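Everything below concerns the one structure shown next.
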Amino acid sequence: MPEKKIIAVVGATGSQGGGLVRAILNDKNGGFAARAITRDVNAPKARELAKLGAEVVAADVDDEASLQRTFSGAHGAYCVTFFWAHFSPEKEKAEAASMARAAKQTGIKHVIWSTLEDTRVLVPLSDTRMPTLQGKYKVPHFDAKGESDKLFTEQGVPTTFLLTSFYWDNLIMFGMGPKPGPDGTLAFTLPMGDKKLPGIAAEDIGRCAYGIFKRGREFIGKTVGIAGEHLTGAQMSEALAKALGRPVRYNAVTPEVYRGFGFPGADDLGNMFQYKRDFETEFCGARSVAFSRALNPAMLSFSAWLAQNKDRIPTT
Ligand SMILES: NC(=O)c1ccc[n+]([C@@H]2O[C@H](COP(=O)([O-])OP(=O)(O)OC[C@H]3O[C@@H](n4cnc5c(N)ncnc54)[C@H](OP(=O)(O)O)[C@@H]3O)[C@@H](O)[C@H]2O)c1
(Lines give C-alpha, C1' and ligand atoms only; values in the text may rest on other atoms or scores of the structure.)
Protein backbone atom coordinates (compact mmCIF):
# COMPACT_ATOMS: atom_id res chain seq x y z
CA MET A 1 0.00 0.00 0.00
CA PRO A 2 1.46 3.43 -0.91
CA GLU A 3 2.44 5.66 1.97
CA LYS A 4 -0.23 8.13 3.03
CA LYS A 5 0.24 11.79 2.16
CA ILE A 6 0.47 13.84 5.33
CA ILE A 7 -1.57 17.05 5.60
CA ALA A 8 -0.26 19.40 8.31
CA VAL A 9 -3.26 21.29 9.67
CA VAL A 10 -2.88 24.65 11.41
CA GLY A 11 -5.76 25.43 13.79
CA ALA A 12 -6.56 21.73 14.10
CA THR A 13 -8.39 22.13 17.40
CA GLY A 14 -10.54 24.90 15.93
CA SER A 15 -13.43 25.14 13.47
CA GLN A 16 -11.77 25.06 10.04
CA GLY A 17 -8.77 22.87 10.85
CA GLY A 18 -10.84 20.53 13.03
CA GLY A 19 -13.26 19.87 10.17
CA LEU A 20 -10.35 19.03 7.88
CA VAL A 21 -8.69 16.68 10.39
CA ARG A 22 -11.97 14.84 10.92
CA ALA A 23 -12.63 14.66 7.16
CA ILE A 24 -9.22 13.07 6.60
CA LEU A 25 -9.62 10.63 9.48
CA ASN A 26 -13.14 9.65 8.40
CA ASP A 27 -11.87 8.58 4.98
CA LYS A 28 -9.69 5.65 6.04
CA ASN A 29 -8.80 4.63 2.49
CA GLY A 30 -8.46 8.16 1.13
CA GLY A 31 -4.67 8.07 1.02
CA PHE A 32 -4.14 10.99 3.41
CA ALA A 33 -3.00 11.24 7.04
CA ALA A 34 -3.76 14.14 9.39
CA ARG A 35 -1.04 15.96 11.31
CA ALA A 36 -2.89 18.19 13.78
CA ILE A 37 -1.04 21.32 14.88
CA THR A 38 -1.83 22.76 18.29
CA ARG A 39 0.01 24.90 20.82
CA ASP A 40 -0.76 22.37 23.56
CA VAL A 41 -0.70 18.68 22.70
CA ASN A 42 -2.12 17.87 26.13
CA ALA A 43 -5.24 20.07 25.89
CA PRO A 44 -8.54 18.12 25.82
CA LYS A 45 -9.32 18.97 22.15
CA ALA A 46 -5.82 17.91 21.07
CA ARG A 47 -6.13 14.62 22.95
CA GLU A 48 -9.50 14.04 21.32
CA LEU A 49 -7.91 14.37 17.86
CA ALA A 50 -5.12 11.97 18.88
CA LYS A 51 -7.75 9.48 20.02
CA LEU A 52 -9.43 9.73 16.60
CA GLY A 53 -6.11 8.81 14.97
CA ALA A 54 -4.41 12.13 14.18
CA GLU A 55 -0.70 12.71 14.71
CA VAL A 56 -0.76 15.65 17.15
CA VAL A 57 2.23 18.01 17.13
CA ALA A 58 3.06 21.32 18.80
CA ALA A 59 3.64 24.61 16.97
CA ASP A 60 2.70 28.27 17.26
CA VAL A 61 2.04 30.39 14.17
CA ASP A 62 4.10 33.12 15.85
CA ASP A 63 7.12 30.79 15.98
CA GLU A 64 8.32 30.08 12.45
CA ALA A 65 10.83 27.43 13.49
CA SER A 66 8.02 25.43 15.10
CA LEU A 67 5.99 25.70 11.88
CA GLN A 68 8.95 24.42 9.87
CA ARG A 69 9.33 21.45 12.21
CA THR A 70 5.66 20.52 11.92
CA PHE A 71 5.43 21.08 8.14
CA SER A 72 8.53 18.97 7.55
CA GLY A 73 7.79 15.75 5.66
CA ALA A 74 4.20 16.77 4.93
CA HIS A 75 2.67 16.69 1.44
CA GLY A 76 0.14 19.43 2.15
CA ALA A 77 -0.57 22.17 4.67
CA TYR A 78 -3.80 23.90 5.66
CA CYS A 79 -2.93 27.46 6.65
CA VAL A 80 -5.32 29.64 8.63
CA THR A 81 -4.82 32.68 10.86
CA PHE A 82 -6.70 33.72 13.98
CA PHE A 83 -7.76 37.34 13.65
CA TRP A 84 -10.22 37.28 16.53
CA ALA A 85 -7.50 36.11 18.94
CA HIS A 86 -5.71 39.47 18.62
CA PHE A 87 -7.71 41.82 16.28
CA SER A 88 -4.45 42.79 14.52
CA PRO A 89 -4.22 42.73 10.71
CA GLU A 90 -0.47 43.34 10.98
CA LYS A 91 -0.04 40.25 13.15
CA GLU A 92 -2.24 38.26 10.80
CA LYS A 93 -0.04 39.23 7.84
CA ALA A 94 3.11 38.32 9.78
CA GLU A 95 1.61 34.91 10.60
CA ALA A 96 0.68 34.32 6.95
CA ALA A 97 4.23 35.26 5.95
CA SER A 98 5.68 32.76 8.45
CA MET A 99 3.44 29.99 7.14
CA ALA A 100 4.31 30.79 3.51
CA ARG A 101 8.05 30.74 4.27
CA ALA A 102 7.77 27.53 6.30
CA ALA A 103 5.84 25.90 3.43
CA LYS A 104 8.50 27.00 0.96
CA GLN A 105 11.40 25.84 3.13
CA THR A 106 9.88 22.42 3.74
CA GLY A 107 8.88 21.86 0.11
CA ILE A 108 5.15 21.51 0.76
CA LYS A 109 3.48 20.33 -2.46
CA HIS A 110 0.07 21.87 -1.83
CA VAL A 111 -0.95 24.64 0.56
CA ILE A 112 -4.55 25.65 1.10
CA TRP A 113 -4.53 29.24 2.37
CA SER A 114 -7.78 30.16 4.10
CA THR A 115 -8.29 33.65 2.78
CA LEU A 116 -10.93 36.31 2.15
CA GLU A 117 -11.29 39.25 -0.21
CA ASP A 118 -9.17 42.38 0.16
CA THR A 119 -12.22 44.65 0.27
CA ARG A 120 -10.13 47.71 -0.65
CA VAL A 121 -10.10 46.51 -4.26
CA LEU A 122 -13.80 47.45 -4.52
CA VAL A 123 -13.94 49.95 -1.65
CA PRO A 124 -10.73 52.00 -1.74
CA LEU A 125 -9.81 53.93 1.40
CA SER A 126 -11.06 57.10 -0.32
CA ASP A 127 -14.60 55.62 -0.45
CA THR A 128 -16.53 57.22 2.41
CA ARG A 129 -19.47 54.80 2.42
CA MET A 130 -17.78 53.06 5.36
CA PRO A 131 -15.10 54.25 7.82
CA THR A 132 -11.45 53.37 7.36
CA LEU A 133 -10.32 51.22 10.30
CA GLN A 134 -6.91 50.84 11.94
CA GLY A 135 -5.53 53.48 9.58
CA LYS A 136 -5.46 51.53 6.33
CA TYR A 137 -8.23 48.95 6.19
CA LYS A 138 -11.93 48.83 5.44
CA VAL A 139 -12.56 45.28 6.76
CA PRO A 140 -9.35 44.50 8.67
CA HIS A 141 -9.95 40.75 9.08
CA PHE A 142 -10.69 40.42 5.35
CA ASP A 143 -8.11 42.83 3.98
CA ALA A 144 -5.18 41.31 5.90
CA LYS A 145 -6.00 37.87 4.52
CA GLY A 146 -6.51 39.08 0.95
CA GLU A 147 -3.34 41.14 1.09
CA SER A 148 -1.49 38.03 2.28
CA ASP A 149 -2.36 35.99 -0.84
CA LYS A 150 0.69 37.41 -2.56
CA LEU A 151 2.98 36.18 0.21
CA PHE A 152 2.30 32.59 -0.88
CA THR A 153 2.61 33.47 -4.58
CA GLU A 154 5.87 35.37 -4.04
CA GLN A 155 7.38 32.38 -2.25
CA GLY A 156 6.43 30.20 -5.21
CA VAL A 157 4.40 27.94 -2.93
CA PRO A 158 1.83 25.77 -4.78
CA THR A 159 -1.29 27.27 -3.24
CA THR A 160 -5.06 27.08 -3.47
CA PHE A 161 -6.67 30.29 -2.20
CA LEU A 162 -9.82 29.25 -0.31
CA LEU A 163 -12.49 31.93 0.10
CA THR A 164 -14.56 30.85 3.10
CA SER A 165 -18.03 32.03 4.14
CA PHE A 166 -19.86 33.25 7.24
CA TYR A 167 -20.12 30.36 9.72
CA TRP A 168 -23.69 29.64 10.76
CA ASP A 169 -21.96 28.55 13.98
CA ASN A 170 -21.57 32.29 14.72
CA LEU A 171 -25.18 32.07 15.89
CA ILE A 172 -23.87 29.85 18.69
CA MET A 173 -20.29 30.98 19.28
CA PHE A 174 -20.32 34.67 18.33
CA GLY A 175 -23.58 35.77 19.97
CA MET A 176 -25.22 36.38 16.59
CA GLY A 177 -28.33 34.28 17.22
CA PRO A 178 -31.86 35.73 17.54
CA LYS A 179 -32.54 37.70 20.71
CA PRO A 180 -35.88 38.56 22.35
CA GLY A 181 -37.14 42.10 21.72
CA PRO A 182 -39.11 44.18 24.25
CA ASP A 183 -42.30 42.17 23.47
CA GLY A 184 -40.45 38.84 23.84
CA THR A 185 -40.52 38.06 20.11
CA LEU A 186 -37.17 36.82 18.82
CA ALA A 187 -35.38 39.14 16.39
CA PHE A 188 -32.49 38.12 14.13
CA THR A 189 -30.28 41.13 13.46
CA LEU A 190 -28.25 41.46 10.27
CA PRO A 191 -27.29 44.63 8.36
CA MET A 192 -27.82 43.02 4.96
CA GLY A 193 -31.12 44.57 3.84
CA ASP A 194 -32.66 42.14 1.33
CA LYS A 195 -29.31 40.84 0.05
CA LYS A 196 -28.06 37.28 0.31
CA LEU A 197 -25.39 36.20 2.76
CA PRO A 198 -23.32 33.15 1.75
CA GLY A 199 -23.12 30.92 4.83
CA ILE A 200 -21.70 27.55 5.74
CA ALA A 201 -21.53 25.06 8.59
CA ALA A 202 -18.00 25.61 9.95
CA GLU A 203 -17.37 21.85 9.83
CA ASP A 204 -18.04 21.88 6.07
CA ILE A 205 -15.09 24.20 5.38
CA GLY A 206 -12.67 21.44 6.33
CA ARG A 207 -14.64 18.91 4.30
CA CYS A 208 -14.39 21.17 1.24
CA ALA A 209 -10.66 21.64 1.87
CA TYR A 210 -10.28 17.87 1.96
CA GLY A 211 -12.11 17.70 -1.38
CA ILE A 212 -9.56 20.16 -2.79
CA PHE A 213 -6.57 18.14 -1.52
CA LYS A 214 -8.11 14.98 -3.01
CA ARG A 215 -8.36 16.62 -6.46
CA GLY A 216 -4.54 16.83 -6.53
CA ARG A 217 -3.06 19.66 -8.57
CA GLU A 218 -6.36 20.78 -10.12
CA PHE A 219 -6.83 23.88 -7.95
CA ILE A 220 -3.21 24.89 -7.40
CA GLY A 221 -2.80 28.57 -8.29
CA LYS A 222 -6.59 28.99 -8.25
CA THR A 223 -9.03 30.80 -5.98
CA VAL A 224 -11.88 28.60 -4.82
CA GLY A 225 -14.92 30.02 -3.00
CA ILE A 226 -17.24 27.87 -0.89
CA ALA A 227 -20.69 28.23 0.70
CA GLY A 228 -23.44 25.91 1.89
CA GLU A 229 -26.24 28.29 0.89
CA HIS A 230 -26.84 31.94 -0.03
CA LEU A 231 -29.72 33.28 2.10
CA THR A 232 -31.29 36.64 2.88
CA GLY A 233 -31.83 37.68 6.49
CA ALA A 234 -35.56 37.10 5.96
CA GLN A 235 -34.92 33.56 4.71
CA MET A 236 -32.60 32.83 7.63
CA SER A 237 -35.21 34.17 10.06
CA GLU A 238 -37.86 31.96 8.48
CA ALA A 239 -35.64 28.87 8.80
CA LEU A 240 -34.81 29.82 12.40
CA ALA A 241 -38.51 30.19 13.24
CA LYS A 242 -39.26 26.77 11.79
CA ALA A 243 -36.38 25.13 13.67
CA LEU A 244 -37.01 26.88 17.00
CA GLY A 245 -40.79 26.50 16.78
CA ARG A 246 -41.46 30.18 17.53
CA PRO A 247 -41.64 33.38 15.47
CA VAL A 248 -38.35 35.05 14.51
CA ARG A 249 -38.46 38.56 13.07
CA TYR A 250 -35.75 39.78 10.71
CA ASN A 251 -34.27 42.96 12.18
CA ALA A 252 -32.59 44.57 9.16
CA VAL A 253 -30.53 47.32 10.78
CA THR A 254 -28.20 49.58 8.81
CA PRO A 255 -24.43 48.96 8.82
CA GLU A 256 -24.08 52.27 10.72
CA VAL A 257 -26.29 50.96 13.52
CA TYR A 258 -24.43 47.63 13.53
CA ARG A 259 -21.03 49.37 13.79
CA GLY A 260 -22.37 51.24 16.81
CA PHE A 261 -23.29 48.09 18.77
CA GLY A 262 -20.01 48.57 20.61
CA PHE A 263 -18.84 44.99 21.08
CA PRO A 264 -15.18 44.37 20.15
CA GLY A 265 -14.98 44.15 16.36
CA ALA A 266 -18.48 45.62 15.72
CA ASP A 267 -17.00 48.23 13.35
CA ASP A 268 -15.05 45.56 11.41
CA LEU A 269 -18.15 43.33 11.13
CA GLY A 270 -20.42 46.28 10.26
CA ASN A 271 -18.10 47.11 7.35
CA MET A 272 -17.91 43.43 6.40
CA PHE A 273 -21.69 43.05 6.15
CA GLN A 274 -21.93 46.32 4.24
CA TYR A 275 -19.36 45.02 1.75
CA LYS A 276 -21.30 41.76 1.34
CA ARG A 277 -24.54 43.73 0.93
CA ASP A 278 -23.21 46.29 -1.54
CA PHE A 279 -21.32 43.70 -3.62
CA GLU A 280 -23.78 40.81 -3.39
CA THR A 281 -23.24 39.81 -7.03
CA GLU A 282 -19.46 39.59 -6.71
CA PHE A 283 -19.45 38.07 -3.22
CA CYS A 284 -22.06 35.38 -3.89
CA GLY A 285 -20.68 34.86 -7.40
CA ALA A 286 -17.31 33.90 -5.94
CA ARG A 287 -18.93 31.15 -3.80
CA SER A 288 -20.86 28.67 -5.91
CA VAL A 289 -22.98 26.35 -3.78
CA ALA A 290 -23.15 23.70 -6.53
CA PHE A 291 -19.36 23.68 -6.88
CA SER A 292 -18.91 23.53 -3.08
CA ARG A 293 -21.26 20.55 -2.95
CA ALA A 294 -19.24 18.83 -5.67
CA LEU A 295 -16.15 19.19 -3.46
CA ASN A 296 -18.08 18.07 -0.39
CA PRO A 297 -21.21 16.01 -1.10
CA ALA A 298 -22.05 15.99 2.65
CA MET A 299 -22.50 19.81 2.65
CA LEU A 300 -25.28 20.92 5.02
CA SER A 301 -28.00 23.39 4.09
CA PHE A 302 -28.94 25.99 6.73
CA SER A 303 -32.06 24.00 7.66
CA ALA A 304 -30.06 20.79 7.99
CA TRP A 305 -27.48 22.61 10.13
CA LEU A 306 -30.31 24.02 12.28
CA ALA A 307 -31.83 20.58 12.74
CA GLN A 308 -28.51 19.44 14.24
CA ASN A 309 -27.72 22.59 16.22
CA LYS A 310 -30.94 24.42 17.17
CA ASP A 311 -30.66 23.45 20.84
CA ARG A 312 -27.21 25.06 21.04
CA ILE A 313 -28.37 28.51 19.84
CA PRO A 314 -28.78 30.85 22.81
CA THR A 315 -32.07 32.77 22.55
CA THR A 316 -31.99 34.83 25.75
N1 LIG B 1 -16.45 33.14 12.11
C2 LIG B 1 -16.67 33.22 10.81
O3 LIG B 1 -17.80 33.32 10.32
C4 LIG B 1 -15.50 33.18 9.87
C5 LIG B 1 -15.76 33.10 8.51
C6 LIG B 1 -14.69 33.06 7.61
C7 LIG B 1 -13.40 33.15 8.10
N8 LIG B 1 -13.17 33.23 9.45
C9 LIG B 1 -11.78 33.33 9.91
O10 LIG B 1 -11.43 32.12 10.51
C11 LIG B 1 -10.23 32.34 11.25
C12 LIG B 1 -10.20 31.47 12.47
O13 LIG B 1 -10.35 30.13 12.12
P14 LIG B 1 -11.20 29.14 13.02
O15 LIG B 1 -12.58 29.70 13.19
O16 LIG B 1 -11.05 27.78 12.47
O17 LIG B 1 -10.45 29.29 14.41
P18 LIG B 1 -10.93 28.90 15.88
O19 LIG B 1 -11.97 27.85 15.81
O20 LIG B 1 -11.22 30.16 16.62
O21 LIG B 1 -9.62 28.34 16.58
C22 LIG B 1 -8.61 27.76 15.90
C23 LIG B 1 -7.52 27.16 16.75
O24 LIG B 1 -6.38 27.98 16.46
C25 LIG B 1 -5.41 27.71 17.36
N26 LIG B 1 -4.55 28.88 17.55
C27 LIG B 1 -4.90 30.11 18.02
N28 LIG B 1 -3.80 30.88 18.06
C29 LIG B 1 -2.77 30.11 17.61
C30 LIG B 1 -1.39 30.32 17.42
N31 LIG B 1 -0.81 31.49 17.76
N32 LIG B 1 -0.62 29.32 16.91
C33 LIG B 1 -1.17 28.13 16.60
N34 LIG B 1 -2.47 27.86 16.76
C35 LIG B 1 -3.25 28.84 17.26
C36 LIG B 1 -6.11 27.27 18.63
O37 LIG B 1 -5.59 25.99 18.87
P38 LIG B 1 -4.70 25.58 20.15
O39 LIG B 1 -5.26 26.32 21.33
O40 LIG B 1 -4.92 24.10 20.20
O41 LIG B 1 -3.31 25.95 19.82
C42 LIG B 1 -7.59 27.19 18.22
O43 LIG B 1 -8.22 26.04 18.67
C44 LIG B 1 -10.22 33.84 11.58
O45 LIG B 1 -9.09 34.46 11.04
C46 LIG B 1 -11.50 34.37 10.96
O47 LIG B 1 -11.34 35.65 10.40
C48 LIG B 1 -14.19 33.24 10.33
Debye, to nearest 20: dipole size of segment 158-254, +1 on Lys, Arg Cβ, -1 on Asp, Glu Cβ | 220 debye
Only bridges with both residues in segment 78-228 count here: give the DSSP antiparallel percent, nearest 5.
-> 20 percent
Dipole in debye (nearest 20) - the chain, about Cα centre, beta carbon charges: Lys, Arg +1; Asp, Glu -1 | 780 debye
Label segment 1-138 by shape, choosing from rounded, prolate and oblate, from the square roots a ≥ b ≥ c of the eigenvalues of the Cα gyration tensor; if a/c is under 1.5 it is rounded, and otherwise prolate applies when a/b is larger than b/c, oblate when it is not.
-> prolate
Among DSSP beta bridges whose residues both lie in the chain, state the antiparallel percentage, nearest 5.
-> 20 percent
Prolate/oblate/rounded call for the chain, Cα gyration tensor, a/c under 1.5 rounded = prolate
Which trypsin sites (Lys or Arg not before Pro) from segment 109-142 combine a DSSP loop assignment with at most 12 other Cβ atoms within 10 Å?
-> ARG129
Towards the positive end of the charge dipole of segment 100-159, with charges on Cβ (+1 Lys, Arg; -1 Asp, Glu), say which of SER126, THR106, VAL139 has the farthest Cα.
-> THR106
In Å, the Kirkwood hydrodynamic radius of segment 21-67 over pairs of distinct alpha carbons?
-> 11.2 Å
Pairwise centroid distance, computed over Cα atoms, of segment 1-32 with segment 175-200, Å | 34 Å
Over segment 68-177: Kirkwood hydrodynamic radius from C-alpha pairwise inverse distances, Å = 15.0 Å
Please give the calculated 222 nm ellipticity per residue for the chain, where each DSSP H segment of at least 4 residues contributes -39500 (n - 2.57) and the sum is spread over every residue; nearest 500 deg cm²/dmol?
-> -12000 deg cm²/dmol
Within segment 191-250, report the trypsin sites (Lys or Arg not before Pro) that DSSP leaves as loop and that have at most 12 other Cβ atoms within 10 Å.
-> LYS222
So what are the ³J(HN,Hα) numbers for segment 161-168, from phi and the Karplus equation (6.51, -1.76, 1.60; θ = phi - 60°), rounded to whole Hz, Gly and Pro as x?
-> 9, 9, 8, 8, 10, 3, 6, 4
Taking segment 214-297 as the region of interest, what is the percent of Cα-Cα pairs per 10 angstrom bin, listed from the shortest bin to the one with the maximum distance?
-> 15, 30, 35, 16, 4
Carbon and sulfur atoms: what percent of the 1.4 Å accessible area of the chain do they account for?
-> 53 percent
Starting from the alpha-carbon convex hull of segment 40-112, give the projected area averaged over all orientations, in nm².
-> 5.2 nm²
Rough spin-label spacing in nm, given labels placed 7 Å along Cα→Cβ, for SER126 and LYS242 = 4.7 nm
Inter-part gap, Cα centre of segment 70-90 to Cα centre of segment 239-316, in whole angstrom, is 25 Å
Candidate lysines - alpha carbon under 23 Å from LYS104, same-chain residues fewer than 8 apart omitted | LYS4, LYS5, LYS91, LYS93, LYS145, LYS150, LYS214, LYS222
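The values are calculated or read from the model by the stated rules, or taken from the named source; none is laboratory data. The model shown is predicted, which means the values in this text are computed figures rather than measured ones. Heads up, the Cβs are rebuilt from the backbone with ideal geometry, glycines too, and the neighbour counts pull from every protein chain shown. Protein only, heavy atoms only, side chains kept; ligands, DNA and RNA dropped before computing areas. Shrake-Rupley method; radii C 1.70, N 1.55, O 1.52, S 1.80 Å.
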